[in-house]
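Below: one structure, written as structure tokens.
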2 protein chains.
Amino acid sequence: MARQERGIRSRRLILEAAAHVFDERGYDAASTNEILARADLTRGALYHHFPSKEAIATALIEAHGQALVVPHQEVVLQAVIDLTLGFARQLQHDPILRASVRLAVEQSSFAPPTNTPYQQSITAIEDLLRRASQQGELLPGTNLPEVAQTIVGSFTGLQVMSQIYSDRQDLPERVSALWRLILPGLASPGILPRLRTTAPPPADDSRQDG
Amino acid sequence: MARQERGIRSRRLILEAAAHVFDERGYDAASTNEILARADLTRGALYHHFPSKEAIATALIEAHGQALVVPHQEVVLQAVIDLTLGFARQLQHDPILRASVRLAVEQSSFAPPTNTPYQQSITAIEDLLRRASQQGELLPGTNLPEVAQTIVGSFTGLQVMSQIYSDRQDLPERVSALWRLILPGLASPGILPRLRTTAPPPADDSRQDG
């Protein structure tokens, strides 16, 4: 394995180990010792990649943005719906994303810049809504920034509640329910019956490797 | 001051002191020593009221339910809107309610029974929606449990986001935005134009003493 590959691999190991520890303990109670033990790496290897616990948390928060995969859809509003459903599915399984959300939701001595990770999601959704609006998919007069903020805020709470009630197993269902409730006040009447509020079944040949 | 009054007063002192400490530090990092120092009471006085830190947290969570004040409104759906707006205002100022929400949202070694505090809010709103439906205020076919869960979940996330962006100063505005978005998919067309999505100005003679 070349030196660069080893570097990428050990960085990923640290992030995954840290994600588990942050997800279990929260930021303040997590220790770099525990992260090292879990990753089975030396302190030198850790500091080579991250100067501090805060730097690891910041890298995890950045993973949030990378998880925002915009699916291609002819109807742009469908892409917004599928973006949230895809994010919900990833939250069920991806330890890095789960930790990133816990870091974003909880108050701790780690203060992520306010523009991440909420702002990343808000901007991504607002851009899509603008395209949807230009294609005539939205009701006239829709306040795009307000709707984008409301969708991201509501999603945040649904995932908190879903975690408590079902360890996020019912999250996609809760996100579908949100869309059923808000679409009549958002989508133009011509588009409304064409929208699907549940996830499409995954294609057999699709692979979700990172 | 009679003995009973003193008891009520010291219980309230403990809850307020604990609320501040939990709100600042979260459950796990909060210590009963710090709560005692803040309340200026002895350990004996504390244990007279609460056998453990967990018992204090449970009492704070119960305060959630007491904050759900249903305003009287001829249009029941207006009462639901006003309930959420009133709760948003209280969250801006009431330390006990703020702590209760932090305990409910964050993962910690304190695990509140899953039926509180979300279930209290869901039940209160679902009951109101049922009355609203009986009065013909809702669109036919509205799934009452699903809508109640979606409103409570969305509110939860809006308050998390509002806390991060503005220390909850913009929370009532965010709750109004949620209602503007969901009402067209919830209220019957005859009721929709009669609904107010912002809080009425507080009456001069109203007092909110607990």
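Per this entry, B:Glu126 is counted among residues that are more than 8 Å from chain A (Cβ to nearest Cβ) and under 17 Å from B:His64 (Cα atoms). Looking at A:Arg3, A:Arg98, A:Arg11, A:Arg89, just one residue is farther than 30 Å from A:Glu173 by Cα and surrounded by 14 or more Cβ atoms within 10 Å (Cβ to Cβ), and that residue is A:Arg11. Consider B:Thr150 carefully, then state whether it is at the interface with another protein chain (Cβ under 10 Å from one of its Cβ atoms) and either touching a residue at least 12 places away in the same chain (Cβ under 8 Å) or over 21 Å from B:Gln73 (Cα atoms) (or both). Here the answer is yes, as B:Thr150 does meet what is asked.
On inspection, B:Pro184 fails the criterion of being within 29 Å of B:Ala99 (Cα to Cα), modelled with pLDDT of 95 or more and in the same structural domain as B:Ile125 (by TED's automatic domain parsing). As a summary of the residue check, A:Leu13 satisfies the conditions (1) within 14 Å of chain B (Cβ to nearest Cβ); (2) within 19 Å of A:His93 (Cα to Cα) except for the one numbered (1).
Yes or no, residue by residue, for (1) touching a strand residue (DSSP E or B) at 6+ places or on another chain (Cβ under 9 Å); (2) farther than 17 Å from A:Gly157 by Cα; (3) assigned by TED's automatic domain parsing to the domain that holds B:Pro189; (4) surrounded by fewer than 18 Cβ atoms within 10 Å (Cβ to Cβ):
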{"site": "B:Leu129", "(1), (2), (3), (4)": "yes, yes, yes, no"}
{"site": "B:Ala132", "(1), (2), (3), (4)": "yes, yes, yes, no"}
{"site": "B:Gly136", "(1), (2), (3), (4)": "no, yes, yes, yes"}
{"site": "B:Gly141", "(1), (2), (3), (4)": "no, yes, yes, yes"}
{"site": "B:Glu146", "(1), (2), (3), (4)": "no, no, yes, yes"}
{"site": "B:Val152", "(1), (2), (3), (4)": "no, no, yes, no"}
{"site": "B:Phe155", "(1), (2), (3), (4)": "no, no, yes, no"}
{"site": "B:Gln163", "(1), (2), (3), (4)": "no, no, yes, no"}
{"site": "B:Leu171", "(1), (2), (3), (4)": "no, no, yes, no"}
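None of B:Leu77, B:Leu36, B:Leu15 is in contact with an Asp or Glu (Cβ under 6 Å, 6 or more places away or on another chain), among the hydrophobic types (A, V, I, L, M, F, W, C) and in a helix (DSSP H, G or I) except B:Leu77. Evaluation of B:His93 against the conditions (1) at pLDDT 90 or above; (2) not assigned by TED's automatic domain parsing to the domain that holds B:His20 shows that the sole unmet condition is (1). Looking at A:Arg196, A:Arg168, A:Arg130, just one residue is basic (Lys, Arg), in contact with a helix residue (DSSP H, G or I) (Cβ under 7 Å, 6 or more places away or on another chain) and at pLDDT below 95, and that residue is A:Arg168. For the stretch B:41-54, a residue qualifies if it is part of a loop (DSSP other than H, G, I, E, B) and more than 27 Å from the chain's Cα centre (by Cα), and the qualifying residues are B:Leu41, B:Thr42.
The values are calculated or read from the model by the stated rules, or taken from the named source; none is laboratory data. Here the structure is a predicted model, which means the values were calculated and not measured. Backbone-built Cβ (ideal geometry, glycine too); neighbour counts: all protein chains shown.
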